[in-house]
Amino acid sequence: MWWKLAKKLFIKTYGCQMNVYDSTRMSDVLAPLGYAPTDQPDGADMIILNTCHIREKASEKVFSELGRLKQMKLEKAADGGRMILAVAGCVAQAEGDEILRRAPQVDLVFGPQTYHRLPELVSRTLRAEGSGGVLDIDFPLESKFDSLPEESVIQGASAFLSIQEGCDKFCTFCVVPYTRGAEFSRPAADIRAEARRLVAGGAREITLLGQNVNAYHGEAPSGVHAPTLPAAGSKGVWGLGRLLRYLAEIEGLERLRYTTSHPRDMDDELIAVHGDEPKVMPYLHLPVQSGADRILESMNRRHTADDYRRIVDRLRSVSPDIALSSDFIVGFPGERDEDFAETLRLVTDIGYAQAYSFKYSPRPGTPAAAIELQVEEAVKSDRLETLQNLLGAQQLAFNQTSVGQILPVLLEKAGRHAPQLSGRSPFMQSVFVEANPRLLGEVVAVRIGKAYARSLEGTVVTGSYSGLPAAAESAGKRAMSQVSGGPVMGTAV
Ligand code: 5AD
Ligand code: SF4
């Protein structure tokens with residue numbers, strides 16, 4: 001029986017959603033070799049740490065995890081087994097040689113652009129036992145997407161799809177242009193084919209991924225005329241706005257999201273899509289990093305705080321209820337109290353539904369790490385606390401506006417305590433409801449009863465959807481067009 005023969009593959013994923021996507025694709029590549037995913041590292045035949053290099057802490061975690069896994073590998077060997085220990089992702093790309101030197105228990109190191117070569121890498125690793133680890137951190141000319149097999153891992157109701165990789169922006173704090181390489185966009189037809197397969201596998205929502213996703217400039221499908229050419233656009237090249245419209249045509253696909261975006265690439269077509277394509281969710285993660293122009297300049301962001309405010313105004317003029325999210329860095333080299341005050345002012349002006357904020361972490365080889373005016377750790381901590389308090393208060397206030405509303409929620413997984421299920425509102429809020437597990441994978445109407453700092457709680461609304469409370473209307477009728485049909489709902493909870 002094949003499942004008794006299957007080798008166990010454990011992948012631990014760190015960092016961003018691109019890594020989550022890559023991990024599922026690594027499983028796909030390894031499936032024909034007999035590796036089946038497991039959710040426990042114990043006794044695994046292969047363990048891959050898919051790593052993140054964005055901040056120092058993220059890298060450190062990898063080395064401490066490798067220490068723990070060494071023991072597990074030795075135990076497996078003592079039982080006569082063999083475990084392949086592999087490090088993938090951005091730490092692998094940036095510190096490949098160093099990993100093999102510092103952690104000789106590692107058998108294989110490969111970067112984000114070479115995992116389509118895993119079958120060959122695994123067989124080289126098996127041959128190379130005892131003669132040092134195998135390293136592949138090339139930026140190959142061939143695109144891995146052309147060599148990857150069709151997806152076999154079912155991602156569930158909410159799926160990720162990588163459409164663009166790499167970054168040419170070179171923000172001075174960021175390692176991504178070095179670890180992920182130059183910008184590359186997949187052809188629109190390939191993306192649509194993958195999206196269709198995800199939908200056939202049960203996905204109702206797809207999040208398009210890219211390090212700089214709205215810089216997307218992919219080849220248009222042959223024979224399809226682009227009514228509006230993208231800002232980037234020579235003929236035959238589509239921007240993200242056009243791609244979203246194309247994907248929105250897929251039947252059975254209910255929701256589209258994309259992440260992560262750069263303010264400079266929010267072009268007219270993309271903004272317009274937020275106004276008139278109901279499947280594009282009213283939520284946008286648009287990192288600004290700082291509210292001070294001199295810091296933005298030193299970060300090489302190539303926009304001002306007011307440029308960002310204007311983009312948000314334009315988004316809100318087409319989609320008034322859009323929920324905004326951002327990333328912030330505090331304590332960037334040279335950041336003074338008055339610069340930080342500008343960040344607080346921008347946050348107050350915009351009003352975020354949620355956000356991520358980090359202390360600046362110098363990354364080796366990036367220009368900002370060489371700036372002399374590094375900010376003291378204690379100052380960074382103070383600023384981070386102040387900013388997080390403000391952002392936390394905004395998030396709670398935003399969540400509280402949902403109380404009493406009926407929101408369409410895509411139920412994705414079991415909640416912490418049965419019979420609780422959890423899902424997402426159109427605005428990306430986590431929503432917990434007590435509901436029949438048969439509703440997993442469905443978009444259901446939920447009356448929001450309570451708001452917390454990071455989540456909402458509600459009850460599934462059964463019966464007809466006509467005559468929704470006025471509050472639901474303000475949450476966007478567009479969003480309600482999401483809710484699944486009556487019969488499913490009639491038997492809910
Ligand atoms: N230090 C702190 N935060 C960083 N980020 C990227 N590089 C650094 C760094 N060197 C943050 C940015 C980015 C997010 C993914 O991580 O805010 O948008
Ligand atoms: Fe890094 Fe994003 Fe800047 Fe690119 S745009 S360098 S990924 S922060």
Legend entry - Single condition residue 183 does not satisfy, out of (1) away from ligand 2 (no atom under 16 Å from the Cβ); (2) among the charged types (D, E, K, R); (3) within 23 Å of residue 137 (Cα to Cα): (1)
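Residue-wise test of (1) within 25 Å of the chain's Cα centre (by Cα); (2) within 27 Å of residue 177 (Cα to Cα); (3) modelled with pLDDT of 95 or more.
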{"residue": "273", "(1), (2), (3)": "yes, no, yes"}
{"residue": "284", "(1), (2), (3)": "yes, yes, yes"}
{"residue": "300", "(1), (2), (3)": "yes, yes, yes"}
{"residue": "303", "(1), (2), (3)": "yes, yes, yes"}
{"residue": "308", "(1), (2), (3)": "yes, yes, yes"}
{"residue": "311", "(1), (2), (3)": "yes, yes, yes"}
{"residue": "323", "(1), (2), (3)": "yes, no, yes"}
{"residue": "342", "(1), (2), (3)": "no, no, yes"}
Inset, instruction - Go through the range 385-423 and count every residue that is in contact with a Ser or Thr (Cβ under 6 Å, 6 or more places away or on another chain) and over 30 Å from residue 433 (Cβ atoms). - result: 1
Legend entry - Pair list, Cβ under 9 Å, 6 or more apart: the range 417-446 residue more than 21 Å from residue 398 (Cα to Cα) and in contact (Cβ under 8 Å) with a residue 12 or more places away in the chain, other residue assigned to a loop (DSSP other than H, G, I, E, B) and of a type in the set (D, E, K, R): 441/204; 442/204; 443/204; 443/254
Inset, instruction - Report yes if residue 345 is away from ligand 2 (no atom under 16 Å from the Cβ), in contact (Cβ under 8 Å) with a residue 12 or more places away in the chain and either surrounded by fewer than 20 Cβ atoms within 10 Å (Cβ to Cβ) or aromatic (Phe, Trp, Tyr) (or both), otherwise no. - result: yes
Legend entry - Looking only at the range 32-55, and only at residues there that are part of a loop (DSSP other than H, G, I, E, B) and within 16 Å of ligand 1 (Cβ to nearest atom), the one that is surrounded by the fewest Cβ atoms within 10 Å (Cβ to Cβ): 55
Legend entry - In the range 311-360, the residues that are part of a strand (DSSP E or B) and either farther than 23 Å from residue 374 by Cβ or basic (Lys, Arg) (or both): 323, 324, 325, 326, 354, 355, 359
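Taking the condition under 25 Å from the mean Cα position of the chain (by Cα) and either surrounded by fewer than 23 Cβ atoms within 10 Å (Cβ to Cβ) or at pLDDT below 55 (or both), does residue 454 pass?
yes
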Inset, instruction - Could you list, in sequence order, all residues of the range 59-71 that are buried (at least 18 other Cβ atoms within 10 Å of the Cβ) and small (Gly, Ala, Ser)? - result: 59
Inset, instruction - Run down 376, 385 and say which single residue is acidic (Asp, Glu) and over 21 Å from residue 327 (Cβ atoms). - result: 376
Legend entry - Given (1) under 22 Å from residue 205 (Cα atoms); (2) assigned to a helix (DSSP H, G or I), index of the condition residue 386 fails: (1)
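Determine which member of the set 82, 25 is touching a residue at least 60 places away in the same chain (Cβ under 8 Å), in contact with a Lys or Arg (Cβ under 9 Å, 6 or more places away or on another chain) and not aliphatic (A, V, I, L, M). Working first, answer last.
Details: 82 fails: touching a residue at least 60 places away in the same chain (Cβ under 8 Å).
Step by step, each of 82, 25 is checked, and only 25 is touching a residue at least 60 places away in the same chain (Cβ under 8 Å), in contact with a Lys or Arg (Cβ under 9 Å, 6 or more places away or on another chain) and not aliphatic (A, V, I, L, M).
Which members of the range 296-342 meet the condition of being among the acidic types (Asp, Glu), more than 16 Å from ligand 2 (Cβ to nearest atom) and farther than 18 Å from residue 358 by Cβ?
Listed by number, the residues that qualify are 306, 313, 321, 337, 338.
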Legend entry - Criterion: surrounded by 15 or more Cβ atoms within 10 Å (Cβ to Cβ), of a type outside the set (Asp, Glu), farther than 24 Å from residue 352 by Cβ and touching a residue at least 40 places away in the same chain (Cβ under 8 Å) - qualifying residue of 411, 384: 411
Inset, instruction - Output the number of residues of the range 141-200 satisfying the condition of being of a type in the set (Asp, Glu), outside any loop (DSSP other than H, G, I, E, B), free of Cβ contacts under 8 Å to residues at least 60 places away in the same chain and under 22 Å from residue 260 (Cβ atoms). - result: 2
Inset, instruction - Evaluate the range 284-291: report whether one residue or more is β-branched (Val, Ile, Thr) and farther than 22 Å from residue 427 by Cα. - result: no
Inset, instruction - Would you please name the residue that is surrounded by the fewest Cβ atoms within 10 Å (Cβ to Cβ), looking only at residues in the range 12-31 that are in a helix (DSSP H, G or I) and in contact with a Ser or Thr (Cβ under 7 Å, 6 or more places away or on another chain)? - result: 17
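Please find, among 304, 366, the residue that is away from ligand 1 (no atom under 16 Å from the Cβ) and either touching a Phe, Trp or Tyr at 6+ places or on another chain (Cβ under 7 Å) or β-branched (Val, Ile, Thr) (or both).
304
Quick check on residue 405: is it over 30 Å from residue 331 (Cα atoms), touching a helix residue (DSSP H, G or I) at 6+ places or on another chain (Cβ under 7 Å) and either surrounded by fewer than 18 Cβ atoms within 10 Å (Cβ to Cβ) or modelled with pLDDT of 95 or more (or both)?
Spelling it out, residue 405 is indeed over 30 Å from residue 331 (Cα atoms), touching a helix residue (DSSP H, G or I) at 6+ places or on another chain (Cβ under 7 Å) and either surrounded by fewer than 18 Cβ atoms within 10 Å (Cβ to Cβ) or modelled with pLDDT of 95 or more (or both).
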Inset, instruction - Determine, yes or no, whether residue 205 is surrounded by fewer than 21 Cβ atoms within 10 Å (Cβ to Cβ) and in contact with a strand residue (DSSP E or B) (Cβ under 8 Å, 6 or more places away or on another chain). - result: no
Legend entry - the range 274-305 - residue that is assigned to a helix (DSSP H, G or I) and among the acidic types (Asp, Glu) and, of those, farthest from residue 216 (Cα to Cα): 293
Inset, instruction - Please work out if residue 271 is outside any helix (DSSP H, G or I), of a type in the set (Val, Ile, Thr) and either in contact with a strand residue (DSSP E or B) (Cβ under 9 Å, 6 or more places away or on another chain) or away from ligand 1 (no atom under 14 Å from the Cβ) (or both). - result: no
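The values are calculated or read from the model by the stated rules, or taken from the named source; none is laboratory data. As the structure is a prediction and not an experimental result, all values here were calculated from the model. All Cβ positions, glycine included, derive from the backbone under ideal geometry; neighbour counts span all protein chains shown.
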